[in-house]
Amino acid sequence: MNWQEIIIDAAATDTGMRRANNQDSHAIVRAKTVETWKKRGHVFMVADGMGAHAAGELASKLACDNIPHNFAKLKIDSPAEGLTRAYREVAKIIHTKATANKDFEGMGTTASTLVLLPAGALIAHVGDSRVYRIRNGTVEQLTFDHSLVWELIYRGHLSREEAMRSVPKNVITRSLGPDPNIEVDIEGPYPVESGDVFLLCSDGLSGPVEDPELGAFASAFHPEVACKYLLHLANLRGGQDNITVMVVRTGPWEDPDDPSRSVTTNGAAAEGAGKGKGFSLTGLMNAFHRKPVLEPVDENIYVTAPCPLDANLFDRLGDDLRRVHSMAVEHAWPVDWAELTNSRREAEAARASGNDRLALKHLGEAIVRLGVAGRLHRKEYGPIGAR
């Protein structure tokens with residue numbers, strides 16, 4: 001990568017529809033100088049805390065506050081070694097607090113970090129939060145879930161179908177806190193191509209929203225918009241857990257709905273959202289220069305799937321909207337029904353004309369309208385039963 005490359009990022013987080021507090025945290029730390037970027041790059045991070053009372057919330061915050069800070073200040077030349085050391089320092093901090101205070105007993109957190117460096121994309125990972133890359137119509141999971149399900153599949157004890165059917169999905173086998181000498185997975189660095197999209201998330205998103213859907217939304221829209229649509233989609237599918245999503249796009253964003261504009265940075269993505277950012281005009285011009293073809297490298301791609309805007313995607317989203325529409329009527333959600341109906345009609349018209357991206361955009365807006373109404377209803381009356 002080059003310092004002048006445009007990188008656009010956005011993030012959104014939410015308590016979900018069932019939880020009282022948000023134990024997720026996230027961090028975006030951009031290098032402020034060329035020298036800092038060469039040594040430590042731009043850091044993007046998601047953490048999902050666990051523990052009673054406020055313990056999980058504290059653990060994830062400690063991770064997101066301290067890992068980027070410690071990584072930046074460590075006098076270690078190797079970014080991979082620096083990340084590993086930063087993770088272990090925070091694991092010790094969390095472990096010490098957990099053993100010193102009964103209220104924090106058993107607390108821990110997942111932590112998934114993406115670092116964009118001159119050498120490419122470097123990932124550090126503990127737990128079951130995830131880092132994905134979307135490239136050329138394919139979504140690829142770059143992290144291994146440290147969960148009982150994934151461990152049983154990896155060791156050959158169960159098939160994926162058997163494990164997903166019979167093993168609890170929320171049993172974590174590795175997190176920051178319980179073990180101060182935690183093993184940290186390091187992936188990469190992977191070459192980065194202009195147009196690559198990275199998505200980081202907690203399992204509150206990757207649980208209810210399938211990989212092809214994550215890839216479709218993240219690749220089709222500006223990061224702010226993608227975060228907004230995905231967060232509300234997870235909530236409409238039950239919102240059983242806290243939800244955090246971060247989308248990082250390399251290269252300029254060309255808005256298909258406004259060809260005269262690029263690298264848009266308008267507003268916030270959703271409740272708790274981070275504002276999307278882009279670099280200078282120099283970076284924009286550089287991004288258009290033809291680059292040499294990258295040499296193939298061995299990459300640890302743990303799961304891969306195509307993410308087209310196809311009939312399966314639209315059928316499932318249509319089913320979701322019909323189901324939640326009925327729920328909204330039954331429980332008198334504060335919905336602007338005229339606007340919702342218009343969004344769905346516009347989606348049908350765009351689909352009929354062959355403009356699948358525009359159809360998905362209108363469905364996304366319908367999802368947001370219902371999602372916002374559901375959150376308002378939940379705030380006033382409490383959770384609605386999930387599907």
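Accessible area of H53, 1.4 Å probe, to the nearest 10 Å²?
Solvent-accessible area, nearest 10 Å²: 150 Å².
At a Cα cut-off below 18 Å, give the aspartates and glutamates reachable from K75, other chains included and same-chain residues fewer than 8 away excluded.
Of all the aspartates and glutamates, those that pass the test against K75 - Cα under 18 Å, at least 8 places apart if same chain - are E35, E89.
Using modelled backbone amide H atoms (1.01 Å from N, in-plane), which distant-in-sequence or interchain residues come within less than 5 Å of D185's amide H?
When sequence neighbours closer than 5 places are left aside, the close amide H contacts are H125.
Return the whole-Å distance between the Cα centroid of segment 362-380 and the Cα centroid of segment 206-227.
17
Which listed residue (N181, V247, N342) has the Cα farthest towards the positive end of the charge dipole for the chain, taking +1 on Lys and Arg C-beta and -1 on Asp and Glu C-beta about the Cα centre?
The residue sitting most towards the positive pole is N181.
On the principal axes of its Cα set, how long, how wide and how thick is the chain? Give whole Å, largest value first.
Here the spans come out as 58, 55, 40 Å, largest first.
As a quick test, which of the pairs K39/K361; K102/K228; K92/K169; K38/K169; K32/K228 have an alpha carbon distance above 32 angstrom in this structure?
Distance filter (> 32 Å) returns K39/K361; K102/K228; K38/K169.
Between T96 and N170, what is the spin-label point distance in nm, taking each point 7 Å from the Cα along the Cα→C-beta axis?
3.1
Projected onto the charge dipole of segment 60-103 (+1 at Lys/Arg Cβ, -1 at Asp/Glu Cβ, origin at the Cα centre), which of C64, L83, T96 gives the Cα projection farthest towards the positive end?
T96
Could you calculate the FRET efficiency of N136 with T36 from 1/(1 + (r/R0)^6), where r is the beta carbon distance between them and R0 is 30 Å, rounded to 0.05?
Step by step, r from the Cβ atoms, then E = 0.45.
Keeping every protein chain present and rolling a 1.4 Å probe, give me the accessible area per residue for segment 306-387 in Å².
Computed with neighbouring chains in place, this is 54 Å² per residue.
With θ set to phi - 60° and the Karplus curve 6.51 cos²θ - 1.76 cosθ + 1.60, what are the ³J(HN,Hα) couplings of segment 204-213 in order, to the nearest whole Hz, using x for Gly and Pro?
After applying 6.51 cos²θ - 1.76 cosθ + 1.60, I find x, 9, 5, x, x, 10, 6, 3, x, 6 Hz.
Of R345, R19, which has the most accessible area and how do the rest follow, probe 1.4 Å?
R345, R19
So what is the relative contact order of segment 109-237, in percent, for Cα pairs below 8 Å that sit 6 or more residues apart?
30
Give the carbon-plus-sulfur fraction of the accessible surface of the chain in %, rounded to a whole number; probe 1.4 Å, heavy atoms of protein chains only.
The value for the chain is 50 percent carbon and sulfur by accessible area.
Under 8 Å for C-alpha pairs, at least 6 residues apart: give me the relative contact order for the chain, rounded to a whole percent.
22
Full extension from D257 to A332: what is 0.36 nm times the residue separation minus their Cα-Cα distance, to one decimal in nm?
Contour length minus Cα-Cα distance gives 23.6 nm.
Please give the charge dipole size of segment 300-351, origin at the Cα centre, charges +1 on K and R Cβ atoms and -1 on D and E Cβ atoms. Round to the nearest 20 debye.
Computed charge dipole of segment 300-351: roughly 80 debye.
What are the ³J(HN,Hα) couplings of segment 79-86, residue after residue, when phi is run through the Karplus curve with 6.51, -1.76, 1.60 and θ = phi - 60°? Round to Hz, x for glycine and proline.
With coefficients 6.51, -1.76 and 1.60, one gets x, 5, 5, x, 5, 4, 5, 4 Hz.
5 Å is the cut-off here: which amide hydrogens, built 1.01 Å from N in the peptide plane, fall below it relative to A31, excluding neighbours closer than 5 in sequence?
Residues meeting the criterion, in which the H sits 1.01 Å from N, are H42, V43.
Quick one: length gained pulling A352 to A20 fully straight, 0.36 nm per residue minus the C-alpha distance?
115.3 nm
Any idea which of A10, P308, G364 is furthest toward the positive side of the dipole for the chain, if Lys and Arg beta-carbons carry +1 and Asp and Glu beta-carbons -1?
A10
Tell me, what ³J(HN,Hα) does each residue in segment 361-370 have, in order and in whole Hz, if you take phi through Karplus 6.51 cos²θ - 1.76 cosθ + 1.60 with θ = phi - 60° and put x for Gly and Pro?
Calculated HN-Hα couplings, in order: 4, 5, 5, x, 5, 5, 4, 5, 4, 5 Hz.
Rounded to the nearest 0.05, what FRET efficiency do Q4 and A72 have when you use their Cβ-Cβ distance and R0 = 30 Å?
0.90
Within segment 1-94, list the GluC sites (Glu not before Pro) lying in a DSSP loop whose Cβ has at most 12 other Cβ atoms in a 10 Å radius.
Loop-located and lightly packed - none at all.
What residues have an amide H closer than 5 Å to that of A10, excluding those fewer than 5 places away on the same chain, when H is modeled at 1.01 Å from N in the peptide plane?
Under 5 Å from the amide H of A10: V247.
So if I place +1 on the C-beta of Lys and Arg and -1 on the C-beta of Asp and Glu, and nothing else carries charge, what would the dipole magnitude of segment 63-154 be about its Cα centre? I want it in debye, nearest 20.
For this selection, approximately 260 debye.
The values are calculated or read from the model by the stated rules, or taken from the named source; none is laboratory data. Note that the structure is a prediction, hence the values are computed from the model and not measured. Here the Cβ is made from the backbone with ideal geometry for all residues, glycine too, and neighbour counts use every protein chain on show. SASA here: full protein model, heavy atoms, side chains in, ligands and nucleic acids out. Shrake-Rupley method; radii C 1.70, N 1.55, O 1.52, S 1.80 Å.
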